[in-house]
Amino acid sequence: MHQFQRDQTRQLLRERGVDAALFADPHSVTWLTGFVASIELGPNLFAGALPLVWYADGRFTLVVVDALAEAASPFGREPDGAVASYLGYTIEQPIEGLRGLLDVLSGLWGNASRNVAVEIMAVTAAVLDVLRVGPPVRAPIDATDWLKPLRCIKTAEEIAKLRENFRLTDIGHRAAAEATRAGAREIDVWAAIHAAIDSATGCRVPLGNDCVVGYRQANIGGWPLDYVIRPGDSLIVDLSTIRHGYWSDSCNTYYPAHPTARQSELRAIAAAALAYGATLLKPGAVARDIDRELRAFMVRAGQPVYPHHTGHGVGVSGHESPRIVPYCEETLAAGMVIMLEPGAYYPGETGVRLEDAFLITPDGAERLTTHLL
């Protein structure tokens with residue numbers, strides 16, 4: 001599982017003259033190992049830190065608190081993988097998860113001097129202190145962003161996981177369409193969405209992002225509350241699921257009955273912009289050029305320029321490179337999964353946003369979402 005990702009990382013570290021590395025960003029950990037801890041309620045209360053990955057001598061060791069050891073065990077059966085755990089919760093002695101974690105890391109450093117790369121922005125000072133009290137090493141090399149470019153191009157295994165997530169958001173959108181009616185609240189629609197996705201999956205699935213009625217003053221996005229949907233309202237529903245450590249994304253705009261003439265016009269413009277944007281997605285296309293084209297499309301249609309990104313990559317994070325924004329000069333490549341989401345917003349009145357996912361192929365793009373079809 002995720003062998004190709006580790007092979008890429010091994011090569012990167014060799015090219016940069018690194019003997020050992022500590023990966024602490026949760027997205028890096030999932031990308032390297034396929035393991036994801038259930039954190040819907042936050043990190044394990046008794047852990048010294050979130051799961052970490054230590055690399056040395058060609059092998060990757062996933063370091064977890066003991067409560068996660070069984071779930072992490074499949075990685076220990078990988079040819080180049082191992083799992084190390086430490087004591088978390090106990091009634092036999094004071095709970096000292098951090099001390100247990102530091103003891104494991106001290107043992108992993110080994111006895112030889114090393115050039116060690118660390119995702120410094122993702123580790124605690126206590127973890128970095130292990131370098132100071134352990135074997136003599138040079139100052140750690142900051143590897144905070146090293147893996148992000150590699151994450152842009154998805155493997156077949158990753159694309160399969162993303163397809164499953166998009167299938168779940170499609171289910172959620174069907175539930176949203178049925179639940180959007182006059183008299184219901186935002187939170188009622190959200191509850192119907194979540195119930196449909198959990199039922200289809202047979203387990204709890206973390207869910208984001210937005211469910212907002214058009215008459216909210218800040219109607220671009222936000223958590224669902226007890227705002228009542230009234231006749232003539234619009235409801236923006238932007239959904240992400242997190243399954244197998246990967247994110248989906250998607251957005252549609254719903255109406256309790258038939259949209260008004262103005263809402264129909266706004267929706268048609270957003271749909272045309274999205275369709276136009278899809279034609280621009282191909283290897284070699286520059287992110288900022290796509291952004292400029294879609295913003296100009298909306299302006300020509302007489303709409304205000306939306307104040308958010310035109311799109312973004314998606315994978316182990318809900319927002320990955322490349323970002324479809326004015327400053328981004330990155331080019332698209334086959335294997336990227338890209339979201340496009342043009343919109344138009346009239347605060348306190350109404351709004352519209354439509355969002356689809358696309359897999360960049362050698363000669364264009366394949367739509368991965370079906371909720372707008």
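The values are calculated or read from the model by the stated rules, or taken from the named source; none is laboratory data. In this text the structure is predicted, and so the values were computed from the model without any measurement. Here Cβ is always computed from backbone atoms with ideal geometry, including for glycine, and neighbour counts include all displayed protein chains. Remember, those area values only see protein heavy atoms, side chains included, never the ligands or the DNA or RNA. Shrake-Rupley method; radii C 1.70, N 1.55, O 1.52, S 1.80 Å.
Here are some notes:
- When you restrict to C-alpha pairs under 8 Å that are six or more residues apart and normalise by the size of region 134-233, the relative contact order lands at 25 percent.
- Value of [θ]222 nm, deg cm²/dmol, for the chain, DSSP H segments ≥ 4, -39500 (n - 2.57) each, nearest 500: -11000 deg cm²/dmol
- Within the chain: Cβ-based charge dipole about Cα centre, in debye rounded to nearest 20 (Lys, Arg +1; Asp, Glu -1): 500
- Using the Cβ-Cβ distance between residue 286 and residue 139 with R0 set to 41 Å, the FRET efficiency works out to roughly 0.65.
- Highest GNM mean-square fluctuation among 289, 142, 57, for the chain modelled with Cα contacts below 10 Å: 57.
- Estimated FRET transfer efficiency (residue 279, residue 187; beta-carbon r; R0 41 Å; 0.05): 0.65
- Excluding ligands, DNA and RNA, the accessible surface per residue across the chain is 43 Å² with a 1.4 Å probe.
- Cα-projected label distance for residue 96 with residue 300, points at 7 Å along beta-carbon direction, nm: 6.8
- Model label sites at residue 308 and residue 126, defined 7 Å from Cα along the beta-carbon direction, differ in position by 3.7 nm.
- Label-reachable residues, region 150-179, where backbone N falls under 13 Å from a point 7 Å from residue 244's Cα toward its Cβ: 155-168
- For peptides 26-35, 116-125, sequence by mean Cβ density within 10 Å, most packed first: 26-35, 116-125
- Here the gap between residue 57 and residue 1, fully extended at 0.36 nm per residue and compared with their Cα-Cα distance, gives a gain of 18.2 nm.
- With the simple spin-label model, which puts each label point 7 Å out from Cα in the Cβ direction, the residue 156 to residue 218 separation comes to 4.5 nm.
- Percent accessible area from carbon and sulfur atoms, region 1-102, protein chains only, probe 1.4 Å: 54
- Within region 285-327, backbone nitrogen closer than 17 Å to the virtual label 7 Å beyond the Cα of residue 201 toward Cβ: 315-319
- Residue ranges 83-96, 172-185, 306-319 sort as 306-319, 172-185, 83-96 when ordered by packing (mean number of other C-beta atoms within 10 Å per residue, highest first).
- Difference of contour (0.36 nm per residue) and Cα-Cα distance, residue 319 to residue 262: 17.4 nm
- Region 151-259, accessible surface, carbon-and-sulfur percent (1.4 angstrom probe): 56
- Taking every C-alpha pair closer than 8 Å and separated by at least 6 residues, the mean separation divided by the residue count of region 308-373 gives a relative contact order of 25 percent.
- The chain: DSSP helices with Cα axial extent of at least 27 Å and average Kyte-Doolittle hydropathy no lower than -0.5: 261-280
- Label point 7 Å beyond Cα of residue 15 along Cβ direction - residues of region 321-357 with amide nitrogen under 14 Å: none
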